[in-house]
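Encoded as structure tokens, the structure appears first; notes follow it.
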Amino acid sequence: MKKIIFCCQWAYDKENSWSGTNMAVRKRLNQYFDVLDFDYGVRQPYAFFSKINDKIFKNKIDTFNHYNNQFKKKYGDGNVVFQFGDLPNYEGNIRFVYQDLTMGYIRYLCNNNKFVFEHSSFQHLPKNEIDILAERQDILYTQKDVHFFTMSHWLAKWLVDDYKLPKEKVDFVGGGINIDVSKIDFSKKTGNKFLFVGKDFERKNGPLVVEAFKKILIKDKKYELYIAGPNSIDVDLDNIHFLGNLSFDDLVPYFNMCDVFVMPSIFEAYGLVFPEALSFGLPCIGRDAFEMPYFIKNGENGYLLKNNSVDELSELMLKAITNHQMKKFVIEHASDYFEQYSWDTTVKKIADIINENIH
């Protein structure tokens, strides 16, 4: 088998690093390659890089340089590298970079779309530090032996159309969901329950969902909204059920009992919760932005919010929950969503592309 070096920033709980993504990919790559490991150990995401001062930010950059040097000492050059994120920069090797986002896009938002940037989770990062990280990526992106795997269609498109990367250097491969199929039960649905899941309540547009739901209650009191994710919200309505921050296993009963998933995020790098919801038979309502239009076929398995409007969202929510044909369609195709968005499917795409590009 061909050798590949797996470069990853593990959390202390390896199984749950990046919501299980790192381990899911690592395990499946074993089917295709002789996988060696290199842990580059920096555990803070970019958004937390310098909430205190410039010295701490500089230390993080120095740490990336340190791990880059450690890699060279251990493995040298001329390897095939699979890495999560594009820092450190293992120059001298054939690199395949898997990412859901790029600092170049965050720089773009910072300069061109203040509303979305302020809800991106990167808004606390000073502009000069965004520029430094983006400029480091600019160097990587211009090197010849680098190929980029994106979780999302929209990022692949942006990298080619706006960032001007050669099309042959960028491939959409998607991302996988972690669902125990035996726990899916369509029989629990009663036709009157909405579900919202999002720890970052503001970024996921939770306040808009609550206001839209209040308008629905004016028309009919039978509907219920279940909110999971945030630690607390300032809402006191009998029809709104606040669940707190639940594990995925604890969320399963709510995916089973609810009828429509609604999460029109202001900013969403990918959004695995959408294919998770579809796999549980829930039509989805998202915003017409980022990856949401690729998950949601408007009018077929859900609806897309065009404007950040309470009235429009309220209408779409009521339209979805009363659309029996749509709910039937999603349930009938639930297994297709599960297969399409599985880690087996994703990693096979990754392995095929790597094999096509190495000799």
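In region 230-251, the count of residues that are touching a strand residue (DSSP E or B) at 6+ places or on another chain (Cβ under 8 Å), in contact (Cβ under 8 Å) with a residue 12 or more places away in the chain, in a helix (DSSP H, G or I) and under 27 Å from GLU118 (Cα atoms) is zero. I'd like to check something: does region 72-79 contain any residue that is closer than 19 Å to VAL35 by Cα, in contact with a strand residue (DSSP E or B) (Cβ under 8 Å, 6 or more places away or on another chain), aromatic (Phe, Trp, Tyr) and open to solvent by 20 Å² or more (accessible area, probe 1.4 Å)? Yes, region 72-79 contains a residue that is closer than 19 Å to VAL35 by Cα, in contact with a strand residue (DSSP E or B) (Cβ under 8 Å, 6 or more places away or on another chain), aromatic (Phe, Trp, Tyr) and open to solvent by 20 Å² or more (accessible area, probe 1.4 Å). Does ALA320 satisfy being aliphatic (A, V, I, L, M), part of a helix (DSSP H, G or I) and within 30 Å of GLY20 (Cα to Cα)? Here the answer is no, as ALA320 does not meet what is asked. Every condition in (1) open to solvent by less than 30 Å² (accessible area, probe 1.4 Å); (2) farther than 20 Å from THR142 by Cα is met by GLN83 except one, and the failing one is (2). So for region 16-28 (the condition being open to solvent by 10 Å² or more (accessible area, probe 1.4 Å), touching a Cys at 6+ places or on another chain (Cβ under 6 Å), over 20 Å from LEU101 (Cβ atoms) and at pLDDT 90 or above), does at least one residue qualify? No; the residues of region 16-28 include none that is open to solvent by 10 Å² or more (accessible area, probe 1.4 Å), touching a Cys at 6+ places or on another chain (Cβ under 6 Å), over 20 Å from LEU101 (Cβ atoms) and at pLDDT 90 or above.
Kindly establish whether TYR90 is on the phi < 0 side of the Ramachandran plot, in contact with a helix residue (DSSP H, G or I) (Cβ under 8 Å, 6 or more places away or on another chain), open to solvent by less than 40 Å² (accessible area, probe 1.4 Å) and outside any helix (DSSP H, G or I). When the stated conditions are applied, TYR90 passes them. Scanning region 1-10 for residues that are open to solvent by 40 Å² or more (accessible area, probe 1.4 Å) and within 19 Å of the chain's Cα centre (by Cα) turns up just one, GLN9.
Taken residue by residue, region 304-311 has no member that is within 17 Å of PHE186 (Cα to Cα), open to solvent by 40 Å² or more (accessible area, probe 1.4 Å) and of a type outside the set (Gly, Ala, Ser). Among the residues of region 124-181, write down those that are open to solvent by 30 Å² or more (accessible area, probe 1.4 Å), under 28 Å from VAL273 (Cβ atoms) and assigned to a loop (DSSP other than H, G, I, E, B). Result: HIS124, ASP162, TYR163, ASN178, ASP180. Every condition in (1) in contact with a Leu (Cβ under 8 Å, 6 or more places away or on another chain); (2) open to solvent by 20 Å² or more (accessible area, probe 1.4 Å); (3) more than 21 Å from ASP100 (Cβ to Cβ) holds for ILE227 except the one numbered (2). Taken as a whole, the structure leaves GLU332 outside the set of residues that are modelled with pLDDT of 95 or more and under 24 Å from GLY229 (Cα atoms). Checked against (1) modelled with pLDDT of 95 or more; (2) over 22 Å from SER17 (Cα atoms); (3) under 21 Å from the mean Cα position of the chain (by Cα), TYR98 passes all but a single condition, namely (2).
Listed conditions (1) part of a loop (DSSP other than H, G, I, E, B); (2) surrounded by fewer than 24 Cβ atoms within 10 Å (Cβ to Cβ); (3) charged (D, E, K, R); (4) under 15 Å from the mean Cα position of the chain (by Cα) are all met by GLU300, apart from (4).
Annotation note: of ASN308, ASN355, ASN298, the sole residue that is more than 27 Å from LEU208 (Cα to Cα) and among the polar types (S, T, N, Q) is ASN355.
The values are calculated or read from the model by the stated rules, or taken from the named source; none is laboratory data. This is a predicted model, so every value here is computed, not measured. Virtual Cβ from ideal backbone geometry, glycine too; neighbours counted across all protein chains shown. Please note that ligands, DNA and RNA were not included when accessible areas were found on the heavy atoms of the full protein model with its side chains. Shrake-Rupley method; radii C 1.70, N 1.55, O 1.52, S 1.80 Å.
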